[in-house]
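Below is one structure; the comments refer to it alone.
The values are calculated or read from the model by the stated rules, or taken from the named source; none is laboratory data. Being a predicted model, the structure only gives us computed values, none of them experimental. Cβ: placed from backbone, ideal geometry, glycine included. Neighbour counts: every protein chain shown. Surface areas here come from the heavy atoms of the whole protein model, side chains and all, with no ligands, DNA or RNA. Shrake-Rupley method; radii C 1.70, N 1.55, O 1.52, S 1.80 Å.
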Amino acid sequence: MHAEQRARTRDLLKSKGIDAALFAHRTSVTWLTGFAPAPQTGVSAAAGGPPLVWYADGRFTLLVMDSHLADAAAFGQEPDGAVAAYQGFSIDTALRGGPNLAALLNQTITGASVRAGKVGVEERDLPVALWYTVRERLPERVSLAAIDGWLDPLRMVKTPEELVKLMDNFALAGIGQAAARRAARVGQREIDVWAEAHSAIQRAAGQRVPLGNDCVVGYRQNNVGGWPLDYPIREHDSLIVDLSAIRYGYWSDGCATYYGGAPTERQAAMHRTVERALELGISLVRPGAVAGEIDRTLRRFIADAGYPVYRHHTGHGIGVTGHEAPRIVPYSAEIIEQDMVLMLEPGIYFPGETSVRLEDAVLVTATGARRLTHHDKSL
């Protein structure tokens, strides 16, 4: 599980002269180990801090609360992986998750053969108390280096294992979009449509599946995105539905626009323009393309069709978060590479009136792009 990610990480750390490292950001932990606590339940009151990954002596050790041991067990079977747990919830003692995690980290670091050299730490997500634990446990001749964000460029290029997880989630989001299309009727509210989409996804998955993103009627003043509320769909209203099913620690994405009854001629023209913009964007994706150039081309296309240029990104990468590099935005000089997965989502927005956004995922191939999402985006 995620062996290729760890191999890339070992090579990176070696090239930077890092002998050991502590990873604290949740995306780093999931990307390295496959362990993914549920994103919608929040941090347990019994937890002592975030799950951590300690790298030393060529091995990765995942530190988790004891109630997460079952979810982390698969990683413990990896040749270069180990799992260590601390007591979180208890009815026999006071809750001491923080001190227990600090003690486990202390023990883990002490057991490593780091006597000199440089240790990398993802500082921004490491609680202060644990930072002192790291500093106190390491010999004085060991220097520390901040490694926040070091894994981000590695995460842009997906492994075959990641593509399987993403494709499963894209299929779930497509099931949600089909349910949303059926539910988007005059008299229904945003939250009614969302509930139908979410229910369909969870029934298909056979388990709880967190769901992210947008469900907004066009007459909202901010009709680019937002959580579903009790706004009703009226005759000829547009409804943007942008869904991300989140499973295995990976996000999907995909957007369509539906209408209360038949769309007006103006809405139909907007919709067709965005359809053409999306197809244009997909045609521009290939290794060596520049993210910012794709973005600027699509914005010019929308402007040349007579519409206001959208205050929204044209796209983004996706993986262990909903928005990853590369960003398809005007300033980006990032170069598109083979095996990246990109979301493309041009749109047209008239605040307080109506709006259209359509979105697909594409895999960057050696010669272009292959569409990964297949939900119905037609009028």
Inset, instruction - For T321, work out the one condition from (1) part of a loop (DSSP other than H, G, I, E, B); (2) over 21 Å from the mean Cα position of the chain (by Cα); (3) within 28 Å of A197 (Cα to Cα) it doesn't fulfil. - result: (2)
Legend entry - Residues satisfying the stated conditions in segment 346-379, i.e. open to solvent by 10 Å² or more (accessible area, probe 1.4 Å), within 21 Å of Y259 (Cβ to Cβ) and not in a loop (DSSP other than H, G, I, E, B): Y349, F350
Inset, instruction - Could you tell me which residue of segment 277-318 is farthest from I348 (Cα to Cα), considering only residues that are under 18 Å from the mean Cα position of the chain (by Cα) and open to solvent by 10 Å² or more (accessible area, probe 1.4 Å)? - result: H313
Inset, instruction - Identify, by number, the condition in (1) on the phi < 0 side of the Ramachandran plot; (2) modelled with pLDDT of 95 or more that G288 doesn't meet. - result: (1)
Inset, instruction - Please indicate, with yes or no, whether at least one residue in segment 180-201 is in contact (Cβ under 8 Å) with a residue 60 or more places away in the chain, farther than 29 Å from V364 by Cα and basic (K, R). - result: yes
Inset, instruction - Restrict the check to segment 231-251 and report whether at least one residue is without any contact (Cβ under 8 Å) to a residue 12 or more places away in the chain, surrounded by fewer than 16 Cβ atoms within 10 Å (Cβ to Cβ) and farther than 30 Å from E161 by Cα. - result: no
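Conditions (1) among the hydrophobic types (A, V, I, L, M, F, W, C); (2) in contact with a Pro (Cβ under 9 Å, 6 or more places away or on another chain); (3) assigned to a strand (DSSP E or B); (4) open to solvent by less than 50 Å² (accessible area, probe 1.4 Å), marked per residue:
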position: E161; (1), (2), (3), (4): no, no, no, no
position: A173; (1), (2), (3), (4): yes, no, no, yes
position: I191; (1), (2), (3), (4): yes, yes, no, no
position: I201; (1), (2), (3), (4): yes, no, no, yes
position: V209; (1), (2), (3), (4): yes, no, no, yes
position: D214; (1), (2), (3), (4): no, yes, yes, yes
Legend entry - Residues located in segment 122-146, provided they are open to solvent by less than 50 Å² (accessible area, probe 1.4 Å) and under 20 Å from the mean Cα position of the chain (by Cα): E122
Legend entry - Residue match in segment 239-249 (condition: on the phi < 0 side of the Ramachandran plot, of a type in the set (G, A, S) and not in a loop (DSSP other than H, G, I, E, B)): yes
